[in-house]
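**Student:** Take this structure, written in structure tokens, and hold onto it; I'll ask about it next.
The values are calculated or read from the model by the stated rules, or taken from the named source; none is laboratory data. Quick caveat, the model's predicted, so the values are computed rather than measured. Cβ sites come from the backbone with ideal geometry, for glycine too, and all protein chains shown count toward neighbours.
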Amino acid sequence: MQSLKERPLRIGAPQVEKTFVCKGEVIVFDGFLSVYIESNLSDQDDDDTQGLLPKVEKGEDATRLEINANERFSRAPARYVEASLVKKLEELGIGRPSTYAPTISTIQKRGYVEKKINDGTERKYISMSLLEDNVEITTKTEITGREKNKLSPTDIGVVVTDFLQDNFKDIMDYQFTAIIESQFDEIAQGELDWKKMLESFYKPFHSGVENTIENSERATGERSLGNHPESGRKIITRIGKFGPMVQVGDEKEDGIKAEFASLLSSQSISSITLEEALELFKLPRILGKHEDKDVKVNIGRFGPYVQVEKTYASIPKELDPMEIDFDTALEIYLEKVKQAEANKIKSFEEQPDLFVLNGKYGPYIKQGKANFKIPKDLVAEDLELKDCLDIIKNQPKKTRGKKKAKK
């Protein structure tokens with residue numbers, strides 16, 4: 001026999017409990033066709049004479065004390081962590097122990113998934129209570145969607161997956177991948193000719209690639225959000241060259257240059273609303289002045305940042321660029337200046353845009369936006385302006401591998 005607190009939680013159907021008094025016992029019907037006695041048996045020993053129900057007689061009325069009903073929502077499947085993903089790969093027969101770690105590492109490096117900490121969102125639900133002949137309806141709140149270090153798909157991950165699913169259904173099938181893995185084992189054991197195996201795979205795959213190149217457009221995950229309330233130009237969200245973004249207008253359609261804004265790290269092209277998109281175009285925000293220079297907040301290719309003239313300082317992920325205040329932004333900027341001064345080895349009055357700096361991989365010369373390596377036989381602290389200019393002038397040109405001519 002289980003007390004109310006000892007019952008396992010049932011998920012997946014509305015939970016409606018009805019409570020009755022019968023022969024002095026409190027009887028609870030929980031909506032799942034199970035009846036039990038509500039009692040605390042933690043301090044009692046099991047007794048064979050005790051039953052789930054007290055002795056009742058045919059036609060006897062049960063007195064209703066209270067009926068409670070709570071609104072419940074279906075739950076989405078839980079996202080994977082690294083351990084549960086490996087377990088799923090093993091169940092599907094995909095990969096082997098030596099490939100699990102590189103696979104999980106690769107999809108994170110390429111930005112297809114990311115580990116996110118989601119504090120969840122507040123959701124309202126309705127609770128109803130029938131006591132005697134009175135029905136009381138109240139609205140309560142709960143936190144839903146709380147996640148920590150789960151592997152969550154990014155916008156580009158979703159777009160790439162949808163593209164592959166639309167154009168390479170056979171290869172995206174779990175069974176296909178498992179079969180290929182088993183064929184690898186057969187090749188290793190000498191039971192299958194590897195040339196025939198590759199031929200049977202490559203010919204239809206090559207044909208599919210050629211057909212995709214000819215007939216498919218670039219996948220961007222484009223989604224229409226509506227029209228701008230003032231200009232009437234259409235607003236879309238999609239994957240751009242530098243990641244998820246919002247676009248206002250299309251120069252090809254209306255002849256006016258389009259406007260662009262990057263999405264915040266907490267936003268997604270699949271869920272961003274028109275109102276949220278319009279907020280992004282309020283950037284850059286000018287928060288005030290420091291030494292007669294504007295302190296701005298904006299979002300760029302590498303995320304939100306504080307800008308003062310040509311100095312850029314990244315804003316930490318936990319801060320919202322739409323809400324950050326002047327004092328916090330100034331603190332971020334001054335910390336960046338302090339760090340830059342600490343990394344500065346030498347500067348020259350004759351050429352104010354030329355510096356000898358200490359970087360992540362050692363000392364280097366910076367002129368404007370270009371960086372130059374310092375030869376290993378030279379000491380950075382001893383370099384004069386003439387030495388730096390000679391290094392810049394004699395810097396070997398970067399070479400790229402030439403494509404081999406097709407036979």
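**Student:** Kindly indicate whether any position in the stretch 358-366 is at pLDDT below 85 and among the aromatic types (F, W, Y).
**Tutor:** Within the stretch 358-366, one or more residues are at pLDDT below 85 and among the aromatic types (F, W, Y).
**Student:** Additional query: Can you tell me how many residues in the stretch 266-306 are in a loop (DSSP other than H, G, I, E, B) and over 24 Å from T237 (Cα atoms)? Step through it out loud before you land on a result.
**Tutor:** Filtering the stretch 266-306 for residues in a loop (DSSP other than H, G, I, E, B) gives 266-273, 281-284, 291-292, 301-302.
If we keep only those that are over 24 Å from T237 (Cα atoms) as well, we get 291-292.
The total comes to 2.
**Student:** Then there is this: Filtering the stretch 307-343 down to residues that are among the basic types (K, R) and modelled with pLDDT of 85 or more, which residue is nearest to K289 (Cα to Cα)?
**Tutor:** Of all residues in the stretch 307-343, those among the basic types (K, R) come to 310, 317, 336, 338.
Right, trim to modelled with pLDDT of 85 or more and you get 336, 338.
Numbers: K336: 17, K338: 19 Å.
So the residue we want is K336.
**Student:** Continuing with this model, one more query. For the stretch 235-261, enumerate the residues that are in contact with a helix residue (DSSP H, G or I) (Cβ under 8 Å, 6 or more places away or on another chain) and of a type outside the set (S, T, N, Q). Working first, answer last.
**Tutor:** Step one: list which residues in the stretch 235-261 are in contact with a helix residue (DSSP H, G or I) (Cβ under 8 Å, 6 or more places away or on another chain), which gives 235, 237, 239, 243-244, 246, 257-258, 261.
Scanning the stretch 235-261 gives I235, I239, G243, P244, V246, K257, A258, A261.
**Student:** Among the residues of the stretch 134-151, is any more than 18 Å from R75 (Cα to Cα), within 22 Å of the chain's Cα centre (by Cα) and modelled with pLDDT of 85 or more?
**Tutor:** yes
**Student:** Condition (residue is touching a residue at least 12 places away in the same chain (Cβ under 8 Å) and either part of a strand (DSSP E or B) or of a type in the set (G, A, S) (or both)) applied to the stretch 318-328: is it met by at least one residue?
**Tutor:** Within the stretch 318-328, not a single residue is touching a residue at least 12 places away in the same chain (Cβ under 8 Å) and either part of a strand (DSSP E or B) or of a type in the set (G, A, S) (or both).
**Student:** Within the stretch 342-354, identify whether any single residue is aliphatic (A, V, I, L, M), without any contact (Cβ under 8 Å) to a residue 24 or more places away in the chain and assigned to a helix (DSSP H, G or I), and answer yes or no. Steps first, please.
**Tutor:** Step one: list which residues in the stretch 342-354 are aliphatic (A, V, I, L, M), which gives 342, 345, 354.
Add one more test, that the residue is without any contact (Cβ under 8 Å) to a residue 24 or more places away in the chain, and what stays is 342.
Narrowing further to those that are assigned to a helix (DSSP H, G or I): 342.
Yes.
**Student:** Give me the pairs, please: first residue somewhere in the stretch 282-293 and without any contact (Cβ under 8 Å) to a residue 60 or more places away in the chain, second residue anywhere and hydroxyl-bearing (S, T, Y) and assigned to a strand (DSSP E or B), beta-carbon distance under 6 Å, and either six or more positions apart or on two chains.
**Tutor:** none
Results for (1) within 30 Å of I117 (Cβ to Cβ); (2) assigned by TED's automatic domain parsing to the domain that holds E335; (3) surrounded by 15 or more Cβ atoms within 10 Å (Cβ to Cβ), shown as yes or no for each residue.
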site	(1), (2), (3)
V209	no, no, no
S231	no, no, no
T237	yes, no, yes
V246	yes, no, yes
K252	no, no, no
K257	no, no, no
I269	yes, no, yes
V297	yes, yes, yes
V306	yes, yes, yes
